[in-house]
Amino acid sequence: MSSVECRMSNEAAHMPLALYVHFPWCVKKCPYCDFNSHALRGEVPEDAYVDALLRDLDFELRDAEARTLTSIFCGGGTPSLFSGAAIGRLLEGVARRLSFAPDIEVTLEANPGTADAAHFREYRAAGVNRLSIGVQSFAAEQLQALGRIHGPEEALRAVAFARDAGFANLNLDLMYALPRQSLDAAAADLRAALALAPEHLSYYHLTLEPNTEFHARPPPLPDTDTAWTMQEQGQALLADHGYAQYEVSAYARPGRRCRHNLNYWEFGDYLGIGAGAHAKRTAAGVVRRRARIRHPRAFLEAAGTAAALLEDRAIAPAELPFEFAMNALRLNEGFALPQFEQRTGLPAAALAAPLDAAAGRGLLERAGTQVRASAHGRSFLNPLVELFLP
Ligand SMILES: C[S@@+](CC[C@H](N)C(=O)[O-])C[C@H]1O[C@@H](n2cnc3c(N)ncnc32)[C@H](O)[C@@H]1O
Ligand code: SF4
(Lines give C-alpha, C1' and ligand atoms only; values in the text may rest on other atoms or scores of the structure.)
(Ligands and ions follow the chains in the order given, each with its own letter.)
Protein backbone atom coordinates (compact mmCIF):
# COMPACT_ATOMS: atom_id res chain seq x y z
CA MET A 1 0.00 0.00 0.00
CA SER A 2 1.39 3.43 -0.92
CA SER A 3 1.64 6.16 1.73
CA VAL A 4 -1.23 8.05 0.07
CA GLU A 5 -3.42 4.92 0.16
CA CYS A 6 -2.46 4.30 3.77
CA ARG A 7 -3.39 7.86 4.74
CA MET A 8 -6.71 7.56 2.87
CA SER A 9 -7.71 4.29 4.50
CA ASN A 10 -7.03 5.74 7.95
CA GLU A 11 -8.86 8.92 7.03
CA ALA A 12 -11.84 7.01 5.62
CA ALA A 13 -12.44 5.43 9.01
CA HIS A 14 -12.87 8.97 10.40
CA MET A 15 -14.89 10.33 7.49
CA PRO A 16 -18.57 10.83 8.27
CA LEU A 17 -20.79 8.15 6.78
CA ALA A 18 -24.34 8.92 5.64
CA LEU A 19 -27.10 6.67 4.33
CA TYR A 20 -29.46 7.63 1.49
CA VAL A 21 -32.61 5.53 1.05
CA HIS A 22 -34.62 5.97 -2.13
CA PHE A 23 -38.41 5.53 -2.31
CA PRO A 24 -39.33 5.44 -6.01
CA TRP A 25 -43.11 5.90 -6.04
CA CYS A 26 -45.30 9.01 -6.26
CA VAL A 27 -49.07 9.43 -6.53
CA LYS A 28 -48.47 10.99 -9.94
CA LYS A 29 -45.41 12.12 -11.90
CA CYS A 30 -44.92 15.93 -11.87
CA PRO A 31 -44.21 17.32 -15.36
CA TYR A 32 -40.93 19.05 -14.34
CA CYS A 33 -39.41 16.21 -12.33
CA ASP A 34 -36.48 14.06 -13.48
CA PHE A 35 -35.99 12.18 -10.22
CA ASN A 36 -36.35 8.41 -10.26
CA SER A 37 -40.04 8.53 -9.42
CA HIS A 38 -42.83 6.42 -10.88
CA ALA A 39 -46.59 6.92 -10.71
CA LEU A 40 -47.98 4.35 -8.34
CA ARG A 41 -50.45 1.84 -9.73
CA GLY A 42 -52.30 0.05 -6.94
CA GLU A 43 -50.97 -0.27 -3.40
CA VAL A 44 -47.41 0.52 -2.28
CA PRO A 45 -45.66 -2.85 -1.82
CA GLU A 46 -44.24 -1.53 1.43
CA ASP A 47 -43.32 -4.78 3.19
CA ALA A 48 -41.63 -6.17 0.10
CA TYR A 49 -39.79 -2.89 -0.48
CA VAL A 50 -38.52 -2.59 3.11
CA ASP A 51 -37.28 -6.21 2.89
CA ALA A 52 -35.56 -5.37 -0.41
CA LEU A 53 -33.93 -2.26 1.12
CA LEU A 54 -32.50 -4.30 3.98
CA ARG A 55 -31.20 -6.98 1.59
CA ASP A 56 -29.64 -4.19 -0.45
CA LEU A 57 -28.02 -2.76 2.70
CA ASP A 58 -26.59 -6.20 3.57
CA PHE A 59 -25.12 -6.36 0.08
CA GLU A 60 -23.68 -2.83 0.42
CA LEU A 61 -22.09 -3.68 3.79
CA ARG A 62 -20.42 -6.93 2.66
CA ASP A 63 -17.06 -5.28 2.04
CA ALA A 64 -17.48 -2.25 4.30
CA GLU A 65 -15.56 -1.38 7.46
CA ALA A 66 -17.75 -0.84 10.53
CA ARG A 67 -18.52 2.88 10.69
CA THR A 68 -21.01 5.07 12.47
CA LEU A 69 -23.85 6.76 10.59
CA THR A 70 -24.12 10.53 11.04
CA SER A 71 -27.27 10.98 8.94
CA ILE A 72 -30.01 9.08 7.13
CA PHE A 73 -32.09 10.64 4.34
CA CYS A 74 -35.29 8.95 3.15
CA GLY A 75 -35.82 10.65 -0.22
CA GLY A 76 -37.86 10.13 -3.31
CA GLY A 77 -40.13 9.88 -5.00
CA THR A 78 -42.50 10.17 -2.08
CA PRO A 79 -41.38 8.37 1.10
CA SER A 80 -44.47 9.74 2.87
CA LEU A 81 -46.53 7.19 0.90
CA PHE A 82 -45.10 4.64 3.36
CA SER A 83 -46.68 3.98 6.74
CA GLY A 84 -44.97 4.77 10.03
CA ALA A 85 -44.74 1.02 10.70
CA ALA A 86 -42.78 0.48 7.46
CA ILE A 87 -40.40 3.38 8.15
CA GLY A 88 -40.00 2.08 11.72
CA ARG A 89 -39.13 -1.41 10.47
CA LEU A 90 -36.61 0.07 8.04
CA LEU A 91 -34.88 2.19 10.70
CA GLU A 92 -34.79 -0.73 13.15
CA GLY A 93 -33.22 -2.88 10.44
CA VAL A 94 -30.61 -0.22 9.71
CA ALA A 95 -29.87 0.13 13.45
CA ARG A 96 -29.23 -3.64 13.70
CA ARG A 97 -26.58 -3.34 10.98
CA LEU A 98 -24.87 -0.01 11.70
CA SER A 99 -24.27 2.13 14.77
CA PHE A 100 -25.86 5.59 14.92
CA ALA A 101 -24.08 8.75 16.07
CA PRO A 102 -25.82 10.05 19.22
CA ASP A 103 -26.94 13.19 17.35
CA ILE A 104 -27.83 11.43 14.09
CA GLU A 105 -30.02 13.46 11.69
CA VAL A 106 -32.83 11.38 10.16
CA THR A 107 -34.78 13.18 7.42
CA LEU A 108 -37.86 12.04 5.52
CA GLU A 109 -39.34 13.81 2.48
CA ALA A 110 -43.07 14.38 2.56
CA ASN A 111 -45.43 15.52 -0.17
CA PRO A 112 -48.25 17.71 1.25
CA GLY A 113 -50.71 15.68 -0.85
CA THR A 114 -49.86 12.55 1.14
CA ALA A 115 -49.47 14.22 4.57
CA ASP A 116 -51.22 12.37 7.35
CA ALA A 117 -51.19 13.40 11.03
CA ALA A 118 -51.00 9.81 12.33
CA HIS A 119 -48.21 8.91 9.87
CA PHE A 120 -46.20 11.97 10.93
CA ARG A 121 -46.52 10.99 14.62
CA GLU A 122 -45.40 7.45 13.76
CA TYR A 123 -42.40 8.70 11.75
CA ARG A 124 -41.34 10.82 14.72
CA ALA A 125 -41.77 7.86 17.12
CA ALA A 126 -39.74 5.68 14.73
CA GLY A 127 -36.75 8.04 14.99
CA VAL A 128 -37.24 10.46 12.09
CA ASN A 129 -36.23 13.87 13.50
CA ARG A 130 -36.37 16.10 10.41
CA LEU A 131 -39.15 16.41 7.82
CA SER A 132 -38.65 17.97 4.41
CA ILE A 133 -41.96 19.09 2.95
CA GLY A 134 -42.29 19.61 -0.82
CA VAL A 135 -44.43 22.75 -0.83
CA GLN A 136 -43.15 24.24 -4.15
CA SER A 137 -45.55 27.22 -4.02
CA PHE A 138 -48.38 28.60 -1.93
CA ALA A 139 -50.33 29.86 -4.98
CA ALA A 140 -53.15 27.60 -6.17
CA GLU A 141 -52.67 28.49 -9.85
CA GLN A 142 -48.91 27.78 -9.65
CA LEU A 143 -49.47 24.42 -7.99
CA GLN A 144 -51.91 23.57 -10.76
CA ALA A 145 -49.45 24.64 -13.46
CA LEU A 146 -46.82 22.43 -11.80
CA GLY A 147 -49.20 19.45 -11.89
CA ARG A 148 -49.05 19.07 -8.11
CA ILE A 149 -51.54 16.83 -6.32
CA HIS A 150 -52.21 19.40 -3.58
CA GLY A 151 -53.32 22.99 -3.03
CA PRO A 152 -51.90 25.59 -0.62
CA GLU A 153 -54.15 24.45 2.26
CA GLU A 154 -52.61 20.97 2.28
CA ALA A 155 -49.15 22.51 2.56
CA LEU A 156 -50.23 24.57 5.59
CA ARG A 157 -51.86 21.49 7.07
CA ALA A 158 -48.73 19.38 6.52
CA VAL A 159 -46.63 21.92 8.45
CA ALA A 160 -49.20 21.94 11.29
CA PHE A 161 -49.24 18.11 11.39
CA ALA A 162 -45.45 18.09 11.52
CA ARG A 163 -45.28 20.57 14.42
CA ASP A 164 -48.07 18.71 16.27
CA ALA A 165 -46.17 15.46 15.82
CA GLY A 166 -43.17 17.05 17.59
CA PHE A 167 -40.89 17.86 14.63
CA ALA A 168 -38.59 20.69 15.73
CA ASN A 169 -36.56 20.56 12.52
CA LEU A 170 -38.47 21.26 9.30
CA ASN A 171 -37.38 22.02 5.77
CA LEU A 172 -39.67 23.46 3.14
CA ASP A 173 -38.89 23.03 -0.58
CA LEU A 174 -39.95 26.04 -2.61
CA MET A 175 -39.31 26.72 -6.30
CA TYR A 176 -39.20 30.06 -8.15
CA ALA A 177 -39.24 31.16 -11.80
CA LEU A 178 -42.48 29.22 -12.15
CA PRO A 179 -44.81 29.39 -15.18
CA ARG A 180 -46.08 33.01 -15.61
CA GLN A 181 -44.80 33.91 -12.12
CA SER A 182 -44.27 37.62 -11.43
CA LEU A 183 -41.62 39.05 -9.12
CA ASP A 184 -44.31 39.98 -6.62
CA ALA A 185 -45.82 36.49 -6.73
CA ALA A 186 -42.41 34.93 -6.05
CA ALA A 187 -41.92 37.26 -3.07
CA ALA A 188 -45.42 36.46 -1.76
CA ASP A 189 -44.63 32.72 -1.95
CA LEU A 190 -41.45 33.17 0.02
CA ARG A 191 -43.21 35.34 2.63
CA ALA A 192 -45.86 32.64 3.05
CA ALA A 193 -43.10 30.09 3.67
CA LEU A 194 -41.29 32.39 6.12
CA ALA A 195 -44.52 32.93 8.07
CA LEU A 196 -44.37 29.22 8.93
CA ALA A 197 -40.89 29.68 10.46
CA PRO A 198 -39.25 26.51 9.11
CA GLU A 199 -35.72 25.84 10.38
CA HIS A 200 -34.47 25.33 6.80
CA LEU A 201 -35.58 26.42 3.36
CA SER A 202 -34.52 24.97 0.01
CA TYR A 203 -35.19 27.59 -2.66
CA TYR A 204 -34.79 26.09 -6.13
CA HIS A 205 -34.81 27.73 -9.53
CA LEU A 206 -37.24 25.63 -11.59
CA THR A 207 -35.15 24.06 -14.36
CA LEU A 208 -36.27 22.30 -17.52
CA GLU A 209 -34.73 18.86 -17.24
CA PRO A 210 -34.31 16.56 -20.26
CA ASN A 211 -36.82 13.70 -20.44
CA THR A 212 -39.57 15.59 -18.64
CA GLU A 213 -42.93 16.79 -19.93
CA PHE A 214 -41.91 20.45 -19.38
CA HIS A 215 -38.80 19.91 -21.49
CA ALA A 216 -40.86 18.54 -24.35
CA ARG A 217 -43.56 21.26 -24.04
CA PRO A 218 -42.07 24.19 -22.08
CA PRO A 219 -44.55 26.36 -20.20
CA PRO A 220 -44.19 30.17 -20.41
CA LEU A 221 -41.39 30.81 -17.90
CA PRO A 222 -40.01 34.16 -16.68
CA ASP A 223 -36.99 35.35 -18.70
CA THR A 224 -33.43 34.96 -17.40
CA ASP A 225 -33.20 38.54 -16.03
CA THR A 226 -36.47 38.19 -14.11
CA ALA A 227 -35.38 34.82 -12.71
CA TRP A 228 -32.10 36.39 -11.64
CA THR A 229 -33.92 39.23 -9.87
CA MET A 230 -36.20 36.68 -8.18
CA GLN A 231 -33.15 34.92 -6.81
CA GLU A 232 -31.67 38.18 -5.52
CA GLN A 233 -34.92 39.32 -3.94
CA GLY A 234 -35.26 35.85 -2.37
CA GLN A 235 -31.74 35.98 -0.94
CA ALA A 236 -32.47 39.40 0.59
CA LEU A 237 -35.80 38.31 2.10
CA LEU A 238 -34.29 35.15 3.54
CA ALA A 239 -31.32 37.04 5.01
CA ASP A 240 -33.72 39.60 6.57
CA HIS A 241 -35.52 36.75 8.32
CA GLY A 242 -32.36 35.17 9.73
CA TYR A 243 -31.76 32.44 7.15
CA ALA A 244 -28.14 32.25 6.04
CA GLN A 245 -27.46 30.92 2.56
CA TYR A 246 -24.82 28.20 2.76
CA GLU A 247 -25.22 26.53 -0.64
CA VAL A 248 -26.63 27.47 -4.06
CA SER A 249 -30.23 26.64 -3.02
CA ALA A 250 -29.97 26.02 0.74
CA TYR A 251 -30.77 28.48 3.55
CA ALA A 252 -30.81 27.74 7.27
CA ARG A 253 -31.41 29.22 10.67
CA PRO A 254 -28.27 29.06 12.86
CA GLY A 255 -27.29 25.46 13.64
CA ARG A 256 -29.90 24.04 11.23
CA ARG A 257 -27.91 23.28 8.09
CA CYS A 258 -28.82 19.92 6.60
CA ARG A 259 -26.09 17.61 7.81
CA HIS A 260 -26.89 14.98 5.20
CA ASN A 261 -26.61 17.31 2.21
CA LEU A 262 -23.55 19.04 3.69
CA ASN A 263 -21.85 15.66 3.68
CA TYR A 264 -22.40 15.37 -0.10
CA TRP A 265 -21.03 18.86 -0.69
CA GLU A 266 -18.05 18.21 1.58
CA PHE A 267 -17.27 15.06 -0.46
CA GLY A 268 -17.98 12.74 2.46
CA ASP A 269 -18.93 9.09 2.08
CA TYR A 270 -22.46 7.77 1.79
CA LEU A 271 -24.19 4.48 1.30
CA GLY A 272 -27.15 4.50 -1.08
CA ILE A 273 -29.87 1.86 -1.08
CA GLY A 274 -33.10 1.50 -3.04
CA ALA A 275 -34.07 1.82 -6.70
CA GLY A 276 -31.73 4.21 -8.51
CA ALA A 277 -29.82 5.18 -5.34
CA HIS A 278 -26.23 6.41 -5.60
CA ALA A 279 -23.39 5.65 -3.18
CA LYS A 280 -19.85 6.99 -2.79
CA ARG A 281 -17.35 5.18 -0.63
CA THR A 282 -13.65 5.48 0.13
CA ALA A 283 -11.73 2.31 0.98
CA ALA A 284 -8.05 1.40 0.75
CA GLY A 285 -7.29 4.72 -0.92
CA VAL A 286 -9.87 4.31 -3.67
CA VAL A 287 -13.06 6.37 -4.10
CA ARG A 288 -15.85 4.26 -5.64
CA ARG A 289 -19.23 5.24 -6.96
CA ARG A 290 -22.12 2.82 -7.21
CA ALA A 291 -25.61 3.22 -8.63
CA ARG A 292 -28.60 0.90 -8.33
CA ILE A 293 -30.94 -0.06 -11.17
CA ARG A 294 -33.75 2.45 -11.42
CA HIS A 295 -36.92 0.53 -12.08
CA PRO A 296 -38.78 -0.31 -8.84
CA ARG A 297 -40.01 -3.78 -9.89
CA ALA A 298 -36.62 -4.80 -11.30
CA PHE A 299 -34.96 -3.51 -8.12
CA LEU A 300 -37.37 -5.50 -5.91
CA GLU A 301 -36.29 -8.68 -7.72
CA ALA A 302 -32.56 -7.99 -7.79
CA ALA A 303 -32.03 -6.38 -4.35
CA GLY A 304 -29.38 -8.14 -2.29
CA THR A 305 -27.41 -9.30 -5.33
CA ALA A 306 -24.94 -7.71 -7.72
CA ALA A 307 -27.74 -7.69 -10.33
CA ALA A 308 -29.13 -4.61 -8.51
CA LEU A 309 -26.03 -2.62 -9.50
CA LEU A 310 -26.24 -0.42 -12.57
CA GLU A 311 -22.76 0.98 -12.06
CA ASP A 312 -19.82 0.20 -9.78
CA ARG A 313 -16.59 2.00 -10.61
CA ALA A 314 -13.47 3.43 -9.03
CA ILE A 315 -12.97 7.12 -9.74
CA ALA A 316 -9.59 7.68 -11.40
CA PRO A 317 -7.40 10.01 -9.27
CA ALA A 318 -7.26 12.44 -12.23
CA GLU A 319 -11.05 12.89 -12.01
CA LEU A 320 -11.08 13.62 -8.28
CA PRO A 321 -10.29 17.38 -8.42
CA PHE A 322 -13.34 17.94 -10.66
CA GLU A 323 -15.60 15.69 -8.59
CA PHE A 324 -14.50 17.44 -5.41
CA ALA A 325 -14.83 20.98 -6.85
CA MET A 326 -18.25 20.24 -8.34
CA ASN A 327 -19.52 19.63 -4.82
CA ALA A 328 -17.41 21.84 -2.55
CA LEU A 329 -17.68 25.01 -4.65
CA ARG A 330 -21.47 24.93 -4.29
CA LEU A 331 -20.93 25.87 -0.64
CA ASN A 332 -20.74 29.61 0.11
CA GLU A 333 -17.76 29.03 2.38
CA GLY A 334 -16.04 26.70 -0.09
CA PHE A 335 -13.41 24.35 1.35
CA ALA A 336 -10.03 24.22 3.04
CA LEU A 337 -7.10 22.69 1.14
CA PRO A 338 -6.37 20.13 3.92
CA GLN A 339 -9.97 18.95 3.54
CA PHE A 340 -9.33 18.36 -0.19
CA GLU A 341 -6.27 16.28 0.74
CA GLN A 342 -8.15 14.30 3.36
CA ARG A 343 -11.16 13.55 1.14
CA THR A 344 -9.31 12.71 -2.09
CA GLY A 345 -5.88 11.48 -0.90
CA LEU A 346 -4.29 13.88 -3.41
CA PRO A 347 -1.81 16.63 -2.50
CA ALA A 348 -3.12 20.22 -2.57
CA ALA A 349 -0.64 20.82 -5.41
CA ALA A 350 -3.03 18.85 -7.66
CA LEU A 351 -5.33 21.90 -7.55
CA ALA A 352 -2.66 24.53 -8.24
CA ALA A 353 -3.32 24.97 -11.98
CA PRO A 354 -7.16 25.22 -11.85
CA LEU A 355 -7.02 27.45 -8.75
CA ASP A 356 -4.65 29.87 -10.49
CA ALA A 357 -6.76 29.86 -13.66
CA ALA A 358 -9.99 30.46 -11.73
CA ALA A 359 -8.49 33.19 -9.52
CA GLY A 360 -7.07 34.87 -12.65
CA ARG A 361 -10.61 35.07 -14.08
CA GLY A 362 -12.04 36.47 -10.84
CA LEU A 363 -14.08 33.30 -10.21
CA LEU A 364 -12.37 32.32 -6.94
CA GLU A 365 -11.28 33.88 -3.68
CA ARG A 366 -8.54 32.52 -1.43
CA ALA A 367 -7.69 33.32 2.19
CA GLY A 368 -4.89 31.18 3.59
CA THR A 369 -5.89 27.58 2.87
CA GLN A 370 -9.58 28.45 2.43
CA VAL A 371 -10.92 28.50 -1.14
CA ARG A 372 -14.36 29.63 -2.25
CA ALA A 373 -16.22 30.85 -5.31
CA SER A 374 -16.34 34.65 -5.58
CA ALA A 375 -19.73 36.34 -6.09
CA HIS A 376 -18.88 36.33 -9.83
CA GLY A 377 -17.90 32.64 -9.63
CA ARG A 378 -21.20 31.74 -7.96
CA SER A 379 -23.00 33.22 -10.98
CA PHE A 380 -20.83 31.16 -13.33
CA LEU A 381 -20.49 27.95 -11.36
CA ASN A 382 -20.38 25.60 -14.36
CA PRO A 383 -17.50 27.35 -16.18
CA LEU A 384 -15.71 27.60 -12.81
CA VAL A 385 -16.03 23.90 -12.04
CA GLU A 386 -15.06 22.93 -15.61
CA LEU A 387 -11.61 24.42 -14.94
CA PHE A 388 -11.03 21.42 -12.64
CA LEU A 389 -11.66 18.82 -15.39
CA PRO A 390 -8.65 16.57 -16.12
C1 LIG B 1 -37.22 14.58 -4.88
S2 LIG B 1 -38.22 15.97 -4.65
C3 LIG B 1 -38.90 15.36 -3.11
C4 LIG B 1 -40.13 15.94 -2.53
C5 LIG B 1 -41.46 15.28 -2.86
N6 LIG B 1 -41.33 14.24 -3.83
C7 LIG B 1 -42.33 16.37 -3.41
O8 LIG B 1 -42.17 16.67 -4.59
O9 LIG B 1 -43.11 16.88 -2.63
C10 LIG B 1 -37.11 17.22 -4.05
C11 LIG B 1 -37.34 18.64 -4.50
O12 LIG B 1 -36.64 18.92 -5.68
C13 LIG B 1 -37.22 20.07 -6.28
N14 LIG B 1 -37.27 19.86 -7.72
C15 LIG B 1 -37.72 18.79 -8.39
N16 LIG B 1 -37.61 18.97 -9.73
C17 LIG B 1 -37.10 20.20 -9.92
C18 LIG B 1 -36.76 20.99 -11.07
N19 LIG B 1 -36.96 20.54 -12.31
N20 LIG B 1 -36.22 22.22 -10.87
C21 LIG B 1 -36.02 22.69 -9.62
N22 LIG B 1 -36.31 21.99 -8.51
C23 LIG B 1 -36.86 20.77 -8.65
C24 LIG B 1 -38.60 20.24 -5.67
O25 LIG B 1 -38.62 21.40 -4.87
C26 LIG B 1 -38.75 18.99 -4.82
O27 LIG B 1 -39.51 19.23 -3.66
S1 SF4 C 1 -43.87 14.30 -6.13
FE2 SF4 C 1 -41.71 14.97 -5.98
S3 SF4 C 1 -40.48 13.21 -6.65
FE4 SF4 C 1 -42.63 12.80 -7.22
S5 SF4 C 1 -42.76 13.41 -9.33
FE6 SF4 C 1 -43.38 15.18 -8.10
S7 SF4 C 1 -41.46 16.37 -7.70
FE8 SF4 C 1 -40.88 14.34 -8.48
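The values are calculated or read from the model by the stated rules, or taken from the named source; none is laboratory data. Quick caveat: nothing in here was measured; it's all calculated off a predicted structure. Glycine also receives a Cβ, built like all others from the backbone with ideal geometry; neighbour counts cover every protein chain displayed. Surface areas here come from the heavy atoms of the whole protein model, side chains and all, with no ligands, DNA or RNA. Shrake-Rupley method; radii C 1.70, N 1.55, O 1.52, S 1.80 Å.
Residues that are of a type in the set (A, V, I, L, M, F, W, C) and open to solvent by 10 Å² or more (accessible area, probe 1.4 Å) within segment 160-186 comprise Ala160, Phe161, Ala165, Ala168, Met175, Leu183, Ala185, listed in sequence order.
Note on segment 16-41: among residues that are among the aliphatic types (A, V, I, L, M) and assigned to a loop (DSSP other than H, G, I, E, B), the one that is least open to solvent (accessible area, probe 1.4 Å) is Leu40.
State yes or no: is Ala101 away from ligand 2 (no atom under 15 Å from the Cβ), open to solvent by 10 Å² or more (accessible area, probe 1.4 Å) and more than 25 Å from Asn263 (Cβ to Cβ)? Answer is no for this residue.
Of the strands (runs of 3 or more DSSP E) lying entirely inside segment 240-282, the ones with 3 or more residues being over 21 Å from Leu320 (Cα atoms) are found at 244-247, 250-252.
Any residue that is in contact (Cβ under 8 Å) with a residue 60 or more places away in the chain, open to solvent by 30 Å² or more (accessible area, probe 1.4 Å), away from ligand 1 (no atom under 16 Å from the Cβ) and over 23 Å from the mean Cα position of the chain (by Cα) - is there at least one of those in segment 65-78? Yes, segment 65-78 has at least one match.
Within segment 74-110, the set of residues being of a type outside the set (Ser, Thr, Tyr) and in contact with a Lys or Arg (Cβ under 9 Å, 6 or more places away or on another chain) comprises Gly84, Leu98, Asp103, Ile104, Glu105, Val106, Leu108.
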